[in-house]
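So the structure is just underneath, and the comments pick up after that.
The values are calculated or read from the model by the stated rules, or taken from the named source; none is laboratory data. All values derive from a computational prediction rather than experimental measurement. Glycine gets a Cβ as well: all are built from the backbone with ideal geometry, and neighbour counts include every protein chain shown.
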Amino acid sequence: MSATAQTLSPPSRTLMFLEGRAIPEFGAFLYARQLAKMMPDRVRSVITLGSPFASHPRATNAWRVYEMASGRRADEQDPRFGGRLSEAPPVPTTAIFSRTDGICAWQGCMEKSSAMSESIEVESSHCGMGHHPAVVYAVADRLAQPEGQWKPFDRSGWRSLVYPDPSR
């Protein structure tokens, strides 16, 4: 295990090194993106739920809580931890977001579309994303893709009624 990985908190190490092979990295936290940048050979994909990686750190309703709990400024960056948050990891990346989030500004939770990154919009509250049927379906669809054969989420057919076009 690298020196960087040894300094990570136990939950992060568990996600990254489960069974000692590349695995899907799923999390509604910003660490997944950064860890995937630092160790892309250990991460199959990143899926975020309402994670504000693309905007100013204070573009959420939770930044004060973060500062009080951590003792650090929300806009403080640690150059040792994977670079700029807004840069997509070099692995397939899906950002699931909602314009009705209520905690995070939805604009900051969207991924720039590329050959390996996408955004999927759902209609959900921030706290409801983890058990919202549309989110669960989208996550299952992303994780069901064979390793090395990532393709963007298919919004055709009935899915167009459930998943709005994120670029609208």
Somewhere in segment 21-43, is a residue in contact with a strand residue (DSSP E or B) (Cβ under 9 Å, 6 or more places away or on another chain), modelled with pLDDT under 90, of a type in the set (D, E) and not in a helix (DSSP H, G or I)?
yes
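Any residue in segment 50-62 that is touching a residue at least 60 places away in the same chain (Cβ under 8 Å) and either touching a Pro at 6+ places or on another chain (Cβ under 7 Å) or buried (at least 19 other Cβ atoms within 10 Å of the Cβ) (or both)? Full working, then the answer.
The initial filter retains those residues of segment 50-62 that are touching a residue at least 60 places away in the same chain (Cβ under 8 Å), namely 50.
Checking the rest, the ones that are also either touching a Pro at 6+ places or on another chain (Cβ under 7 Å) or buried (at least 19 other Cβ atoms within 10 Å of the Cβ) (or both) come to 50.
Looking through segment 50-62, at least one residue is touching a residue at least 60 places away in the same chain (Cβ under 8 Å) and either touching a Pro at 6+ places or on another chain (Cβ under 7 Å) or buried (at least 19 other Cβ atoms within 10 Å of the Cβ) (or both).
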Scan segment 96-118 and report the pairs whose first residue is within 25 Å of G148 (Cβ to Cβ) and whose second residue is surrounded by 17 or more Cβ atoms within 10 Å (Cβ to Cβ) and among the charged types (D, E, K, R), with Cβ atoms within less than 6 Å and a gap of 6+ or a chain change.
S117/E111
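Determine whether R73 is basic (K, R) and surrounded by 19 or more Cβ atoms within 10 Å (Cβ to Cβ).
Working: basic (K, R): yes; surrounded by 19 or more Cβ atoms within 10 Å (Cβ to Cβ): no.
Against the criterion (basic (K, R) and surrounded by 19 or more Cβ atoms within 10 Å (Cβ to Cβ)), R73 does not qualify.
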